[in-house]
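The values are calculated or read from the model by the stated rules, or taken from the named source; none is laboratory data. What you see is a predicted model, and the numbers here were worked out from it, not measured in a lab. Quick reminder, even Gly has a Cβ in these numbers, built from the backbone with ideal geometry, and neighbours come from all protein chains shown.
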Amino acid sequence: MKPETTRAFVLTLLVNLLAGTTLATDGTPLLCTKSKLVFEESFSADKLDSRWSAAKGDWKIVDGALQGSELKEDMHAASIRTDVELPGTLILQFDFKFDGGNTIHCSFNGRGHICRATITSQGFVLKGEKVKNDDADKAVTVGQVQQEFVKGKWYKMQIEIDGEEFVARVNDGPIAFGSHAKVAREKTNFGFPMAGVSSQIDNIKIWSATSNPDWAATKKRLPANKMVAPTPPTPKNRFATLDKNNDDRLSLQEFIGNRPREVQATAEKQFNRKDKNNDGSLSLSEFVPRQADKQD
């Protein structure tokens with residue numbers, strides 16, 4: 001190799017190393033070290049295994065993968081989960097693909113929701129969930145990256161959890177990472193809520209793991225995550241989201257949606273106040289009076 005070629009190669013290597021782009025491009029975990037395989041699912045059977053419990057949506061095996069679709073009548077994302085003893089330090093891998101769906105969550109649960117990775121076509125977010133039955137508590141964004149996921153293409157996500165630390169990556173893309181006490185809570189099951197019609201998952205593997213002693217040094221070399229606050233929905237977008245049957249009217253059931261049971265009576269009173277013509281449904285102008293024509 002010529003001297004100038006050698007210098008260029010070394011310079012490129014150093015730049016990539018400092019930027020964190022050479023880290024774990026082969027899928028090697030960053031936060032943890034694999035120990036024992038504790039769960040595996042390839043959806044190779046014709047029917048869904050009985051260890052999976054589907055709460056909402058339509059779930060079926062399609063071409064050796066699990067396909068989930070949201071149902072309008074559920075007024076809730078499709079949701080499926082399985083009980084499994086999850087260690088405090090773990091590595092989880094799964095393949096995913098968007099067809100017509102728009103969101104895939106990998107959700108860890110225990111006494112309520114614990115933490116999750118939420119994937120859309122534009123990237124993914126890691127969150128610690130709010131404490132169950134504590135209205136004052138809120139979910140916390142732990143890490144976030146922007147990455148495009150093309151419809152119809154398979155990708156592999158790797159999630160690592162070690163106590164409060166939460167790390168994830170898709171293929172050899174950017175690394176989402178962060179920590180919060182919410183992440184460390186006990187986890188007794190995991191699942192995959194999905195919004196839209198439809199998305200697929202496959203080749204799920206979970207390993208118990210040990211802490212990687214190099215993580216602290218590795219983390220210092222990683223580019224910081226850019227946290228992007230979600231764009232508040234406009235009144236018209238909110239109306240369209242609630243309008244599950246796309247008839248440009250909101251029924252009481254659609255208006256209440258999946259609100260907690262303890263606030264449904266208050267929501268019903270609000271619905272009745274908005275229903276000015278007492279026809280049992282809301283138009284857009286009734287839903288957001290004086291604003292419907294001003295905001296898109």
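Residues of segment 89-102 that are at pLDDT 95 or above and of a type outside the set (Asp, Glu): Thr89, Leu90, Ile91, Leu92, Gln93, Phe94, Phe96, Lys97, Phe98.
For Ser281, are the conditions met, namely being surrounded by 13 or more Cβ atoms within 10 Å (Cβ to Cβ), within 26 Å of Asn102 (Cα to Cα), modelled with pLDDT of 90 or more and small (Gly, Ala, Ser)?
no
Candidates in segment 173-210 are the residues that are among the aliphatic types (A, V, I, L, M) and in contact with a Leu (Cβ under 7 Å, 6 or more places away or on another chain); of these, the one that is nearest to Ile161 (Cα to Cα) is Ala209. Among the residues here, Lys138 does not qualify as in the same structural domain as Gly88 (by TED's automatic domain parsing), without any contact (Cβ under 8 Å) to a residue 40 or more places away in the chain, part of a strand (DSSP E or B) and not β-branched (Val, Ile, Thr).
Among all positions in segment 100-121, there is at least one residue which is touching a residue at least 60 places away in the same chain (Cβ under 8 Å), surrounded by 23 or more Cβ atoms within 10 Å (Cβ to Cβ), over 11 Å from the mean Cα position of the chain (by Cα) and over 17 Å from Val84 (Cβ atoms).
Filter segment 136-146 down to residues that are under 14 Å from the mean Cα position of the chain (by Cα) and not β-branched (Val, Ile, Thr) and give me whichever is farthest from Ala184 (Cα to Cα). In this case the residue turns out to be Gln146. Taking the criterion of being of a type in the set (Asp, Glu) and closer than 22 Å to Phe108 by Cβ, the only residue of segment 190-237 that qualifies is Asp202.
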